[in-house]
Amino acid sequence: MKLEMTVKQRNGDSIDEETGVPRLLPAAPPLCLVGDDVASEEPLHPPVNFAMVEDGIYRSGFPEASNFRFLKTLKLHSIIYLCPEPYPQANVEFLKSNGIKLFQFAIEGSKEPFVKIPEDTIREALKVLLDERNHPLLIHCRRGKHRTGCLVGCYRKLQKWRLASVIDEYLRFAAAKARVSDQLFMESFDVSGLKPLARAC
């Protein structure tokens, strides 16, 4: 009995001395996010296809209002938005209230065989991405698959990833919606003019 009590006490229980029955200690309060000086126990919801590219750089699909509390935890400085449509007013207000700068690069979302990723636009987006003053930073398009995948893939080439690894990462997010044209774009994209910027980071 003495051994049993020791084990139970070690597990965080105490023993009622009169009955010898284990008494559960109160559970620890759940972890909660503190924001706007108010503690909340609501779960955090990342945007669809959210992932970390590397420290200070994230990727995702389009953030909805339900994702704003999660985005606040990232302490973002900037967002790279890769769609031509205007940013919704609710998102604009979220950016303003949190001091987040928006960089919009209007890449049309179209389907094969009519896909054309503009190389100059990707190059300009990469310049924003490479500037550490813009970090922490979120890259997103509509679903976080094609346009976002191409930008991240070109960034990986600057990091000297093997093409097979670049394509593998793209496929993990695009899955059944993968486009051969995106893969060919990343393969042929010339990063040489951006290497001095990459070295400066």
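The values are calculated or read from the model by the stated rules, or taken from the named source; none is laboratory data. These numbers come from a predicted model, not from an experiment. Backbone-built Cβ (ideal geometry, glycine too); neighbour counts: all protein chains shown. Accessible surface is based on the protein model in full, side chains and every heavy atom, while ligands, DNA and RNA are left aside. Shrake-Rupley method; radii C 1.70, N 1.55, O 1.52, S 1.80 Å.
Residues that are open to solvent by 90 Å² or more (accessible area, probe 1.4 Å), outside any loop (DSSP other than H, G, I, E, B) and either modelled with pLDDT of 95 or more or out of contact with any helix residue (DSSP H, G or I) (no Cβ under 6 Å at 6 or more places or on another chain) (or both) do not occur anywhere in the range 68-83. Residues of the range 38-67 that are at pLDDT 95 or above and part of a strand (DSSP E or B): 51, 52, 53, 54, 57, 58, 59, 60. Restricting the range 145-155 to residues that are farther than 17 Å from residue 102 by Cβ and in contact (Cβ under 8 Å) with a residue 40 or more places away in the chain, the residue that is most open to solvent (accessible area, probe 1.4 Å) is 145. For first residues located in the range 34-56 and open to solvent by 60 Å² or more (accessible area, probe 1.4 Å), partners that are in a loop (DSSP other than H, G, I, E, B) and modelled with pLDDT under 90 and lie 6+ apart or on another chain with Cβ distances below 7 Å form the pairs 39/32; 41/30; 41/32. Each residue in the range 57-67 was checked for being under 23 Å from residue 151 (Cα atoms) and open to solvent by 40 Å² or more (accessible area, probe 1.4 Å), and 1 pass. Restricting attention to the range 40-94 and to residues that are of a type in the set (Lys, Arg) and touching a strand residue (DSSP E or B) at 6+ places or on another chain (Cβ under 8 Å), the residue that is nearest to residue 138 (Cα to Cα) turns out to be 59. Only residues that are of a type outside the set (Ser, Thr, Tyr) and touching an Asp or Glu at 6+ places or on another chain (Cβ under 9 Å): list them for the range 163-180, please. Those that are of a type outside the set (Ser, Thr, Tyr) and touching an Asp or Glu at 6+ places or on another chain (Cβ under 9 Å): 163, 166, 167, 174, 179, 180. Here residue 93 clears all of (1) of a type outside the set (Phe, Trp, Tyr); (2) farther than 19 Å from residue 173 by Cα; (3) not in a helix (DSSP H, G or I) except the condition numbered (3).
Total residues in the range 114-155 satisfying the condition of being hydrophobic (A, V, I, L, M, F, W, C) and in a helix (DSSP H, G or I): the figure is 10. Entry remark, the range 115-144: residues being among the charged types (D, E, K, R) and surrounded by 23 or more Cβ atoms within 10 Å (Cβ to Cβ) number 0 in total. Residues that are open to solvent by 20 Å² or more (accessible area, probe 1.4 Å), in contact (Cβ under 8 Å) with a residue 60 or more places away in the chain and in a helix (DSSP H, G or I) within the range 156-190 comprise 173, 180, 181, 185, listed in sequence order.
Scanning the range 87-102 for residues that are open to solvent by 40 Å² or more (accessible area, probe 1.4 Å) and closer than 22 Å to residue 123 by Cα yields a count of 2.
Determine whether residue 106 is part of a helix (DSSP H, G or I), among the aliphatic types (A, V, I, L, M) and either modelled with pLDDT of 95 or more or under 26 Å from residue 156 (Cβ atoms) (or both). So residue 106 fails the test.
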